[in-house]
1. Mind listing whichever residues of segment 61-93 are surrounded by fewer than 18 Cβ atoms within 10 Å (Cβ to Cβ) and under 30 Å from Gly157 (Cβ atoms)?
2. Keeping to segment 204-229, report how many residues are touching a residue at least 40 places away in the same chain (Cβ under 8 Å), part of a loop (DSSP other than H, G, I, E, B) and surrounded by 22 or more Cβ atoms within 10 Å (Cβ to Cβ).
3. Quick check on my filter: what residues within segment 141-174 are modelled with pLDDT of 95 or more, more than 19 Å from Ile203 (Cβ to Cβ) and assigned to a loop (DSSP other than H, G, I, E, B)?
4. Which members of segment 218-271 meet the condition of being in contact with a strand residue (DSSP E or B) (Cβ under 8 Å, 6 or more places away or on another chain) and among the acidic types (Asp, Glu)?
5. Give the residues of segment 90-129 that are acidic (Asp, Glu) and either within 25 Å of Ser165 (Cβ to Cβ) or touching a helix residue (DSSP H, G or I) at 6+ places or on another chain (Cβ under 8 Å) (or both), sorted by residue number.
6. At least 3 residues that are without any contact (Cβ under 8 Å) to a residue 24 or more places away in the chain and either more than 27 Å from the chain's Cα centre (by Cα) or under 30 Å from Lys181 (Cβ atoms) (or both) in each: list the helices (runs of 4 or more DSSP H) lying fully within segment 1-110 that qualify.
7. Quick one: how many residues across segment 255-286 are among the hydrophobic types (A, V, I, L, M, F, W, C), within 15 Å of Val219 (Cα to Cα) and free of Cβ contacts under 8 Å to residues at least 40 places away in the same chain?
Amino acid sequence: MITTIVTVIVDVLVSTEETIAVAPDDLVFVTLGCMTENASLGSMTAPATLNSNKSSGAWSLWEDIANGRPGFGHPAVFANHIDQTKWLSFTVTLNDPAFFQFIEEFTGNEAGTGGLFTLTDSSWFMSIVLAHQPHFINQPENIFVFWGYGLFPDRIGNFVNKPMSECTGEEILIELFQHLKLGDKVQPIINAAICIPCMMPFITSQFMPKVKGDRPDVVPVGAKNFAFIGQFCEIPDDVVFTVEYSVRSALIAVYTLLEIKKEIPPVFKGQHDVGVLFNALKTMHR
């Protein structure tokens, strides 16, 4: 078995390079890949641009680590399919409660008590969610914030005649409010709104088809003083895209490298839970 040891970390800045020595007792935890890398923001009057550059950041770090080392995964499987992994999300700030009141009446759920709901007729396949307010620390009482996204940002809108990826924040709101049939309420709400589009090239990259070995083990065979954490390391039976996945990878990394004899919390297997199966059956037949 070949032993691999991290001896130095090279921090490359814009115009300088710093070398950090790794001491014999140091441990290195590496986050592979990044769902939100190269995200870009638009405004009410400008769309968010697609930034697919991988010249720096978490993806390039993984590419460097995996180069010539098959046991460290294959980042291209996840990072080289931006047309399939990109989303456009949007965050909306309102200084009028009218929209929140409308959605609460429409769904029967107070803000913060329901999950995402999807506009299935939307060619962008838009979804929105209203969190409990205030959502942010020190958020004023007269300010309301909600979030949404579109799974198909390259499709033409049903009401706005352009792809979601080319839309300003105002145009995204027009499309959303027309789907919700707000009628004469549309313009007053838009006048009291700030909608910030956000293009995320890699947001669903962790869901790309893969085979065994495309994601490395949390602690690869032969790793002496380092481990991989985050959404792009391999945890049997677990499901990516959750906070639990990232936390569990960190637990495995720390417990393994420090030889801590504690049990890792088991993965919840809802497909075998009687209550979950019963509720799923009820939902299918309602």
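The values are calculated or read from the model by the stated rules, or taken from the named source; none is laboratory data. Quick caveat: nothing in here was measured; it's all calculated off a predicted structure. We place every Cβ from the backbone using ideal geometry, glycine too, and count neighbours over all the protein chains shown.
1. Asn80, His81, Ile82, Asp83, Gln84, Thr91, Thr93, listed by residue number.
2. Number satisfying all stated conditions: 2.
3. Ile143, Gly157, Asn158, Phe159, Val160, Asn161, Lys162, Thr168
4. Answer for segment 218-271, where residues must be in contact with a strand residue (DSSP E or B) (Cβ under 8 Å, 6 or more places away or on another chain) and among the acidic types (Asp, Glu): just Glu234.
5. Of everything in segment 90-129, those that are acidic (Asp, Glu) and either within 25 Å of Ser165 (Cβ to Cβ) or touching a helix residue (DSSP H, G or I) at 6+ places or on another chain (Cβ under 8 Å) (or both) turn out to be Asp96, Glu110, Asp121.
6. In segment 1-110, 98-107 are the helices (runs of 4 or more DSSP H) which contain 3 or more residues that are without any contact (Cβ under 8 Å) to a residue 24 or more places away in the chain and either more than 27 Å from the chain's Cα centre (by Cα) or under 30 Å from Lys181 (Cβ atoms) (or both).
7. Summing the residues that are among the hydrophobic types (A, V, I, L, M, F, W, C), within 15 Å of Val219 (Cα to Cα) and free of Cβ contacts under 8 Å to residues at least 40 places away in the same chain in segment 255-286 gives 2.
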